[in-house]
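Below: one structure, written as C-alpha coordinates.
The values are calculated or read from the model by the stated rules, or taken from the named source; none is laboratory data. The structure presented is a predicted model; accordingly, all values stated were derived computationally and were not measured. Don't worry about glycine lacking a Cβ; one is built from the backbone with ideal geometry, like all the others, and counts go over all protein chains shown. Each accessible area value is taken on the protein alone, full model and side chains, heavy atoms only, with ligands, DNA and RNA left out. Shrake-Rupley method; radii C 1.70, N 1.55, O 1.52, S 1.80 Å.
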Amino acid sequence: MTDVMKNLIGITLLTIIISSLIIACNGGNKSGDITKLQKIGDSETENIADVIRGRIIEDTVIGHWTIKATKDSNDIVVGRHDWAVKDSSVFLTLFYDRNIVYSDKEIRTKDVVGSEGEYIMQWGGEVFWVSDSAIYLSFGCFLPDTDDGWNMLYQILPDGKSNIIVIDVYMGIDGFDVVADFMALYLNERAVGASSADLKRLYEQYCSKELAEELSAATFPIVSDNTDFRHAYKTIQIEPQDGFTGLPLEKYSFEVKFKPYHNDDNVTDILYMEVDGTTNKIIKIDSGERKVI
(Lines give C-alpha, C1' and ligand atoms only; values in the text may rest on other atoms or scores of the structure.)
Protein backbone atom coordinates (compact mmCIF):
# COMPACT_ATOMS: atom_id res chain seq x y z
CA MET A 1 0.00 0.00 0.00
CA THR A 2 1.44 3.39 -1.02
CA ASP A 3 1.84 6.35 1.34
CA VAL A 4 -0.78 8.26 -0.68
CA MET A 5 -3.42 5.54 -0.16
CA LYS A 6 -2.60 5.37 3.57
CA ASN A 7 -3.14 9.13 3.84
CA LEU A 8 -6.49 8.94 1.99
CA ILE A 9 -7.75 6.14 4.23
CA GLY A 10 -6.68 8.09 7.34
CA ILE A 11 -8.50 11.23 6.17
CA THR A 12 -11.67 9.23 5.38
CA LEU A 13 -11.73 7.58 8.81
CA LEU A 14 -11.19 10.91 10.54
CA THR A 15 -14.09 12.46 8.57
CA ILE A 16 -16.44 9.62 9.57
CA ILE A 17 -15.49 9.94 13.26
CA ILE A 18 -16.03 13.74 13.26
CA SER A 19 -19.40 13.39 11.48
CA SER A 20 -20.55 10.80 14.02
CA LEU A 21 -19.61 13.06 16.91
CA ILE A 22 -21.52 16.00 15.40
CA ILE A 23 -24.67 13.88 14.92
CA ALA A 24 -24.43 12.55 18.48
CA CYS A 25 -24.08 16.04 19.97
CA ASN A 26 -27.00 17.41 17.94
CA GLY A 27 -29.28 14.49 18.82
CA GLY A 28 -29.72 13.44 15.19
CA ASN A 29 -32.49 15.76 13.99
CA LYS A 30 -32.21 18.90 16.12
CA SER A 31 -35.20 20.92 14.96
CA GLY A 32 -37.42 17.88 14.54
CA ASP A 33 -36.81 16.60 18.07
CA ILE A 34 -37.50 19.99 19.64
CA THR A 35 -40.77 20.36 17.74
CA LYS A 36 -41.82 16.89 18.82
CA LEU A 37 -41.07 17.61 22.48
CA GLN A 38 -42.97 20.88 22.39
CA LYS A 39 -46.11 19.05 21.29
CA ILE A 40 -45.96 16.25 23.87
CA GLY A 41 -46.53 18.04 27.18
CA ASP A 42 -45.15 19.91 30.16
CA SER A 43 -43.09 17.03 31.58
CA GLU A 44 -40.93 16.76 28.50
CA THR A 45 -40.81 20.44 27.54
CA GLU A 46 -39.12 21.12 30.88
CA ASN A 47 -36.05 19.47 29.33
CA ILE A 48 -35.84 22.16 26.66
CA ALA A 49 -36.40 25.22 28.85
CA ASP A 50 -33.51 26.91 27.04
CA VAL A 51 -35.55 26.75 23.82
CA ILE A 52 -39.01 27.80 25.05
CA ARG A 53 -40.55 28.68 28.40
CA GLY A 54 -42.78 25.74 29.36
CA ARG A 55 -45.49 24.82 26.87
CA ILE A 56 -46.70 26.95 23.97
CA ILE A 57 -50.41 27.78 24.33
CA GLU A 58 -50.85 30.20 21.43
CA ASP A 59 -48.54 31.29 18.63
CA THR A 60 -50.56 32.93 15.89
CA VAL A 61 -51.62 36.04 14.01
CA ILE A 62 -55.34 36.95 14.03
CA GLY A 63 -56.39 40.19 12.38
CA HIS A 64 -54.43 43.07 13.92
CA TRP A 65 -53.14 40.87 16.74
CA THR A 66 -49.95 38.79 16.94
CA ILE A 67 -49.82 36.61 20.03
CA LYS A 68 -47.41 34.18 21.61
CA ALA A 69 -48.39 32.69 24.96
CA THR A 70 -46.56 30.01 26.95
CA LYS A 71 -47.42 28.33 30.23
CA ASP A 72 -45.01 27.16 32.91
CA SER A 73 -45.03 26.34 36.64
CA ASN A 74 -44.13 29.10 39.10
CA ASP A 75 -42.98 29.36 42.74
CA ILE A 76 -46.44 28.98 44.34
CA VAL A 77 -47.31 25.60 45.86
CA VAL A 78 -50.94 24.84 46.67
CA GLY A 79 -51.22 22.18 49.37
CA ARG A 80 -54.13 20.08 50.58
CA HIS A 81 -53.69 17.52 53.39
CA ASP A 82 -50.77 15.25 52.49
CA TRP A 83 -50.08 16.43 48.95
CA ALA A 84 -49.24 19.59 47.07
CA VAL A 85 -49.27 20.88 43.51
CA LYS A 86 -47.45 23.73 41.82
CA ASP A 87 -49.37 26.65 40.37
CA SER A 88 -48.70 27.97 36.86
CA SER A 89 -48.21 31.28 35.09
CA VAL A 90 -48.90 32.37 31.54
CA PHE A 91 -46.21 34.44 29.80
CA LEU A 92 -47.61 36.67 27.09
CA THR A 93 -46.03 38.54 24.21
CA LEU A 94 -48.56 40.55 22.22
CA PHE A 95 -48.50 42.96 19.28
CA TYR A 96 -51.26 45.08 17.78
CA ASP A 97 -50.29 45.70 14.16
CA ARG A 98 -46.56 46.38 14.63
CA ASN A 99 -46.87 47.99 18.06
CA ILE A 100 -45.87 45.93 21.07
CA VAL A 101 -48.56 45.64 23.73
CA TYR A 102 -46.90 43.15 26.11
CA SER A 103 -43.41 41.66 26.12
CA ASP A 104 -43.20 38.36 28.04
CA LYS A 105 -45.79 39.63 30.54
CA GLU A 106 -46.39 37.16 33.37
CA ILE A 107 -50.04 36.55 34.28
CA ARG A 108 -50.48 34.68 37.56
CA THR A 109 -53.49 33.30 39.42
CA LYS A 110 -53.55 36.38 41.65
CA ASP A 111 -53.85 38.58 38.57
CA VAL A 112 -57.16 36.99 37.62
CA VAL A 113 -58.72 35.97 40.97
CA GLY A 114 -57.02 38.47 43.30
CA SER A 115 -54.93 36.06 45.38
CA GLU A 116 -52.84 32.91 45.06
CA GLY A 117 -52.03 29.87 47.15
CA GLU A 118 -55.53 28.39 47.21
CA TYR A 119 -56.60 28.12 43.56
CA ILE A 120 -54.47 26.91 40.68
CA MET A 121 -54.51 28.03 37.07
CA GLN A 122 -55.82 24.97 35.24
CA TRP A 123 -55.79 26.68 31.87
CA GLY A 124 -55.01 30.11 30.52
CA GLY A 125 -53.80 32.08 27.52
CA GLU A 126 -55.96 30.52 24.81
CA VAL A 127 -57.64 32.97 22.41
CA PHE A 128 -61.39 33.03 23.03
CA TRP A 129 -62.45 35.98 20.84
CA VAL A 130 -60.77 38.68 18.76
CA SER A 131 -61.99 41.98 17.36
CA ASP A 132 -60.38 45.16 16.11
CA SER A 133 -61.02 46.67 19.55
CA ALA A 134 -59.86 43.91 21.91
CA ILE A 135 -58.56 40.38 22.30
CA TYR A 136 -60.03 37.96 24.86
CA LEU A 137 -57.96 35.18 26.44
CA SER A 138 -59.58 32.35 28.39
CA PHE A 139 -58.49 31.52 31.96
CA GLY A 140 -59.72 28.92 34.45
CA CYS A 141 -58.64 28.93 38.11
CA PHE A 142 -59.99 26.20 40.41
CA LEU A 143 -59.43 24.43 43.68
CA PRO A 144 -57.17 21.44 42.90
CA ASP A 145 -59.08 18.38 41.66
CA THR A 146 -62.46 20.15 41.82
CA ASP A 147 -64.85 22.13 39.62
CA ASP A 148 -64.97 24.88 42.26
CA GLY A 149 -63.51 28.04 40.79
CA TRP A 150 -63.79 30.67 38.08
CA ASN A 151 -64.01 30.65 34.31
CA MET A 152 -62.77 34.04 33.11
CA LEU A 153 -61.87 36.13 30.10
CA TYR A 154 -58.87 38.46 30.13
CA GLN A 155 -59.78 41.35 27.84
CA ILE A 156 -56.79 43.27 26.46
CA LEU A 157 -57.02 46.56 24.54
CA PRO A 158 -54.50 47.82 21.97
CA ASP A 159 -53.06 50.28 24.53
CA GLY A 160 -52.35 47.48 27.02
CA LYS A 161 -55.24 48.15 29.38
CA SER A 162 -56.99 45.00 30.57
CA ASN A 163 -60.23 43.89 32.21
CA ILE A 164 -61.20 40.66 33.95
CA ILE A 165 -64.57 39.25 32.84
CA VAL A 166 -66.03 36.45 34.99
CA ILE A 167 -68.22 34.06 32.99
CA ASP A 168 -71.30 32.83 34.85
CA VAL A 169 -71.68 29.03 34.79
CA TYR A 170 -74.75 26.89 35.50
CA MET A 171 -73.63 23.26 35.43
CA GLY A 172 -75.96 20.90 33.56
CA ILE A 173 -78.26 23.58 32.12
CA ASP A 174 -78.40 23.24 28.33
CA GLY A 175 -78.12 26.50 26.42
CA PHE A 176 -76.84 28.47 29.41
CA ASP A 177 -73.26 28.68 28.19
CA VAL A 178 -74.39 30.15 24.85
CA VAL A 179 -76.29 32.98 26.55
CA ALA A 180 -73.53 33.58 29.13
CA ASP A 181 -70.73 33.71 26.56
CA PHE A 182 -72.74 35.90 24.18
CA MET A 183 -73.69 38.47 26.83
CA ALA A 184 -70.12 38.58 28.18
CA LEU A 185 -68.71 39.37 24.75
CA TYR A 186 -71.58 41.60 23.62
CA LEU A 187 -71.58 43.94 26.63
CA ASN A 188 -67.79 44.12 26.86
CA GLU A 189 -67.42 44.67 23.12
CA ARG A 190 -69.96 47.49 23.36
CA ALA A 191 -67.92 48.91 26.25
CA VAL A 192 -64.84 49.29 24.03
CA GLY A 193 -66.76 50.67 21.04
CA ALA A 194 -66.67 47.62 18.80
CA SER A 195 -67.45 48.22 15.15
CA SER A 196 -70.67 47.08 13.51
CA ALA A 197 -68.61 44.58 11.49
CA ASP A 198 -67.21 42.98 14.66
CA LEU A 199 -70.66 42.87 16.27
CA LYS A 200 -71.99 41.23 13.10
CA ARG A 201 -69.41 38.45 13.47
CA LEU A 202 -70.48 38.01 17.08
CA TYR A 203 -74.15 37.71 16.10
CA GLU A 204 -73.30 35.16 13.43
CA GLN A 205 -71.28 33.10 15.92
CA TYR A 206 -73.94 32.84 18.62
CA CYS A 207 -77.30 33.50 16.93
CA SER A 208 -79.39 31.86 14.24
CA LYS A 209 -79.00 33.22 10.72
CA GLU A 210 -82.36 34.99 10.88
CA LEU A 211 -81.71 36.63 14.25
CA ALA A 212 -78.15 37.62 13.25
CA GLU A 213 -79.52 39.40 10.18
CA GLU A 214 -82.08 41.27 12.29
CA LEU A 215 -79.46 42.35 14.82
CA SER A 216 -76.99 43.39 12.11
CA ALA A 217 -79.68 45.48 10.44
CA ALA A 218 -80.31 47.17 13.82
CA THR A 219 -84.04 46.53 13.52
CA PHE A 220 -84.20 46.43 17.32
CA PRO A 221 -81.67 47.22 20.10
CA ILE A 222 -80.49 44.50 22.45
CA VAL A 223 -79.37 47.07 24.99
CA SER A 224 -79.92 50.83 25.07
CA ASP A 225 -77.01 52.90 23.75
CA ASN A 226 -76.86 54.97 26.96
CA THR A 227 -76.17 51.86 29.06
CA ASP A 228 -73.03 51.71 31.19
CA PHE A 229 -71.93 48.47 29.58
CA ARG A 230 -69.23 47.60 32.13
CA HIS A 231 -71.62 48.07 35.04
CA ALA A 232 -74.32 46.17 33.20
CA TYR A 233 -72.10 43.13 32.89
CA LYS A 234 -70.85 43.32 36.48
CA THR A 235 -74.48 43.19 37.67
CA ILE A 236 -75.78 40.62 35.18
CA GLN A 237 -77.95 37.72 36.33
CA ILE A 238 -78.96 34.90 33.98
CA GLU A 239 -81.75 32.58 35.10
CA PRO A 240 -83.07 29.51 33.24
CA GLN A 241 -86.87 29.56 32.83
CA ASP A 242 -87.41 25.85 32.08
CA GLY A 243 -86.79 24.53 35.57
CA PHE A 244 -84.16 21.97 36.50
CA THR A 245 -85.75 18.78 35.21
CA GLY A 246 -82.62 17.76 33.32
CA LEU A 247 -84.81 16.52 30.45
CA PRO A 248 -83.80 17.39 26.88
CA LEU A 249 -85.88 20.16 25.29
CA GLU A 250 -86.03 21.59 21.81
CA LYS A 251 -85.82 25.16 23.11
CA TYR A 252 -84.38 26.68 26.27
CA SER A 253 -85.56 29.99 27.73
CA PHE A 254 -83.58 32.42 29.89
CA GLU A 255 -84.20 35.68 31.71
CA VAL A 256 -81.28 38.12 31.69
CA LYS A 257 -81.27 40.99 34.19
CA PHE A 258 -78.74 43.78 34.68
CA LYS A 259 -78.37 47.31 36.07
CA PRO A 260 -77.87 49.74 33.17
CA TYR A 261 -76.58 52.71 35.20
CA HIS A 262 -73.71 52.67 37.70
CA ASN A 263 -75.24 55.51 39.72
CA ASP A 264 -78.80 54.16 39.91
CA ASP A 265 -79.24 50.56 41.03
CA ASN A 266 -83.01 51.09 41.31
CA VAL A 267 -83.28 50.54 37.56
CA THR A 268 -83.16 47.00 36.13
CA ASP A 269 -83.31 46.07 32.45
CA ILE A 270 -84.56 42.63 31.43
CA LEU A 271 -84.02 40.51 28.31
CA TYR A 272 -85.74 37.24 27.46
CA MET A 273 -83.65 34.89 25.32
CA GLU A 274 -84.36 31.55 23.69
CA VAL A 275 -81.81 28.94 22.57
CA ASP A 276 -82.45 26.23 19.98
CA GLY A 277 -81.33 22.97 21.56
CA THR A 278 -80.52 21.34 18.21
CA THR A 279 -78.21 24.08 16.89
CA ASN A 280 -77.13 25.58 20.24
CA LYS A 281 -77.84 29.04 18.80
CA ILE A 282 -79.86 31.94 20.20
CA ILE A 283 -83.05 32.19 18.14
CA LYS A 284 -84.96 34.88 20.00
CA ILE A 285 -84.23 38.01 22.05
CA ASP A 286 -87.05 40.07 23.56
CA SER A 287 -85.71 43.32 24.97
CA GLY A 288 -86.98 46.60 26.29
CA GLU A 289 -88.53 45.65 29.62
CA ARG A 290 -87.42 47.90 32.46
CA LYS A 291 -88.25 47.78 36.15
CA VAL A 292 -87.82 50.76 38.48
CA ILE A 293 -88.03 50.27 42.22
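How much accessible area per residue does the range 171-292 have, counting only protein heavy atoms and a probe of 1.4 Å, in square angstrom? Walk me through the numbers before you get to the answer.
Values: 6260 Å² over 122 residues.
Each residue of the range 171-292 exposes 51 Å² on average to a 1.4 Å probe.
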Given R₀ = 30 Å, what would the calculated FRET efficiency be for D148 paired with K257, taking r from the Cβ atoms and rounding to 0.05? 0.75
DSSP bridge pairs, the range 171-292: antiparallel proportion in percent, nearest 5: 95
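Counting other Cβ atoms within 10 Å, keep those with at most 13, restrict to DSSP loop, and tell me which trypsin sites (Lys or Arg not before Pro) in the range 79-145 are left. Working shown, then result.
On the way: sites: R80, K86, R98, K105, R108, K110; in loops: R98, R108.
Of the trypsin sites (Lys or Arg not before Pro), the ones in loops of the range 79-145 whose Cβ has at most 13 other Cβ atoms within 10 Å are R98.
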Can you return the aspartates and glutamates within cross-link range of K281? Criterion is Cα-Cα under 13 Å, with same-chain partners fewer than 8 residues away left out. D174, D177, D181, E204, E210, E250
Residue separation times 0.36 nm, minus the C-alpha to C-alpha distance between T219 and V166: what's the value? 16.1 nm
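How large, in percent, is the carbon and sulfur part of the accessible surface of the range 52-166 at a probe radius of 1.4 Å? Could the numbers behind the result be given before it?
Numbers: 2450 of 5470 Å².
Exposed carbon and sulfur together represent 45 percent of the surface.
Per residue, how much accessible surface does the range 52-166 expose to a 1.4 Å probe? Answer in Å², no decimals.
Values: 5470 Å² over 115 residues.
Averaged over the residues of the range 52-166, the accessible area is 48 Å².
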Just flag the chymotrypsin sites (Phe, Trp or Tyr not before Pro) in the range 180-258 sitting in loop per DSSP whose Cβ has no more than 12 other Cβ atoms within 10 Å. F244
Accessible surface ranking that places the most exposed of K259, K71, K209 first, with a 1.4 angstrom probe: K209, K259, K71
